[in-house]
1. Considering only the range 131-148, state which residues are out of contact with any strand residue (DSSP E or B) (no Cβ under 7 Å at 6 or more places or on another chain), surrounded by 15 or more Cβ atoms within 10 Å (Cβ to Cβ) and over 24 Å from residue 83 (Cβ atoms).
2. If I ask for residues that are closer than 15 Å to residue 23 by Cα, in contact (Cβ under 8 Å) with a residue 24 or more places away in the chain and surrounded by 10 or more Cβ atoms within 10 Å (Cβ to Cβ), which ones from the range 47-61 would you list?
3. Is it true that some residue in the range 13-29 is farther than 28 Å from residue 181 by Cα, at pLDDT below 80, in a loop (DSSP other than H, G, I, E, B) and more than 26 Å from the chain's Cα centre (by Cα)?
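The values are calculated or read from the model by the stated rules, or taken from the named source; none is laboratory data. Small disclaimer: the values here were computed from a predicted structure and weren't measured. As a convention, Cβ positions derive from the backbone with ideal geometry for all residues, glycine included, and neighbour counts pool all protein chains shown.
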């Protein structure tokens with residue numbers, strides 16, 4: 001385990017010179033949830049030789065048993081990842097984009113101002129709100145489904161929770177991750193951040 005995230009060790013090896021070890025490399029992996037896929041992501045930690053002794057918790061990677069309250073941390077990590085999979089699970093619902101949908105004018109616009117959305121998030125939020133209205137069967141007199149304030153509120157809260165979860169897991173928001181991967185990102189007018197901020 002590193003001081004920030006849990007990993008599974010795949011293998012370790014040491015580099016030697018004149019029969020003396022000068023560094024250890026620990027290759028690890030963990031599940032990554034970038035974009036639309038959940039996949040294993042590999043990483044390597046290199047521990048350079050140092051003089052004297054060093055507390056194990058000061059190393060870049062160390063066994064999780066050395067952490068205080070290890071059992072509680074393990075349970076918290078399991079619960080966090082279960083929540084992650086729940087949020088990533090797709091629910092297939094049909095929407096033909098027809099004129100059988102209306103949005104209630106009583107929806108409170110302040111809800112949408114609690115944080116910023118990009119175009120994809122707006123589209124997804126609309127689809128989720130419409131799906132909620134269809135699932136509840138909320139209709140007006142003409143038989144059209146009605147997207148109400150509660151549908152928008154649930155969508156906003158879910159999106160906000162997911163954003164917070166991703167920031168806590170990745171230690172970066174979506175714009176920062178997109179900038180790191182050289183994808184289009186929301187903060188396009190901001191000066192580029194130094195590379196060391198991302199590693």
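1. Pass one, the range 131-148, residues out of contact with any strand residue (DSSP E or B) (no Cβ under 7 Å at 6 or more places or on another chain): 131-132, 135-137, 141-143, 148.
Pick out the ones that are also surrounded by 15 or more Cβ atoms within 10 Å (Cβ to Cβ) and you get 131-132, 148.
Within the range 131-148, 148 is the sole residue that qualifies.
2. Within the range 47-61, 47, 49, 60, 61 qualify.
3. yes
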